[in-house]
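What follows is a short report on a single structure.
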């Protein structure tokens, strides 16, 4: 009798799952007691019938559970399809608008002379429109090839525009945004998401290397160089900044000035002028140390200045003393620097003696 009661309790517990039937079919939930009715008394005293009843109820519960799960999966799939269709419609509309803006940008960029202000306005508007697409690809997002190409081409024009505008921070931002397209989605990136290689890729990456040299960021220069494929080291756009870096390390400043007129692209001249200005200051500092005086023509020659007027202007910037004999004198500059860098020898000696006494005390 005790065993019969336990089995009946198990049967009743299993019927709780039957509630899912109402969620699937919409019918009223029917309890086990209502289903069995008068047969319940017979089941209590017949173990064989009781076991058969339990088996049937288990099968019904499993069947209802499967129906319930299938219903949920059906709704999930339909919801995803509906959201996907809406997202595709929105992306299609956003892409069309961005494509129109890019065409306007590209047409304006090809016009000579370029209206940099107007191009900047179109760029700003287009970048806002690109945020509706996958502007910068990530691991959690996927994008079509046409969206990635549109964003990459926009950023490339932006990088070239920043050089024409002489906006160095903007150039640095554009290059940082272009790197995922060049290094992760390019020819040497992921094979499943590879894009056609841009014709401006190595031109802009080489320009970035020259920019790092002009800012004296040599460590970052070598880091960026390591990211490039070995077979592209001899590329004309990459070879130029590599040669400049070698001249700097060897102190062959004359070769740097000669390389000014031998750039692979006109955009390189902007950073070359910045680099040459830094090199010229280094040469001038060496001249102040090495000579007591130097003639203006000789100074112009050593500084690679094109005219005596440029030498005069540069001398005034350095506070050089130009006398009537047309010589620059550096004595006053050296005296001033000596005064500025006067070593307080007496005070230092007293400190060293005091340290020695304290060490003797400790020992």
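No value in this document is a laboratory result; all are computed from the given coordinates. As the structure is a prediction and not an experimental result, all values here were calculated from the model. Ideal geometry is used to build each Cβ from the backbone, glycine not excepted, and the neighbour counts take in all protein chains shown.
Summary of computed values
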{"quantity": "Contour minus Cα-Cα distance for residue 70 and residue 317 (0.36 nm per residue)", "calculated": "80.7 nm"}
{"quantity": "Proportion of all alpha-carbon pairs of segment 158-301 beyond 28 Å (%)", "calculated": "26 percent"}
{"quantity": "Two-site FRET efficiency, residue 60 against residue 184, from Cβ-Cβ distance with R₀ of 56 Å, rounded to 0.05", "calculated": "0.55"}
{"quantity": "Computed FRET value (nearest 0.05) for residue 301 with residue 249, which takes r as the C-beta separation and R₀ as 25 Å", "calculated": "0.55"}
{"quantity": "Förster radius 30 Å - calculated FRET efficiency between residue 173 and residue 231, Cβ distance, rounded to 0.05", "calculated": "0.55"}
{"quantity": "Cα shape, segment 212-259, gyration tensor, a/c 1.5 rule", "calculated": "oblate"}
{"quantity": "Separation in nanometres of the label points that stand 7 Å from Cα toward Cβ, at residue 239 and residue 131", "calculated": "4.4 nm"}
{"quantity": "Reduced Cα scattering model of segment 261-324, Debye log10 I(q)/I(0), q = 0.13, 0.16, 0.26 Å⁻¹", "calculated": "-0.40, -0.57, -1.19"}
{"quantity": "Contour minus Cα-Cα distance for residue 99 and residue 291 (0.36 nm per residue)", "calculated": "62.9 nm"}
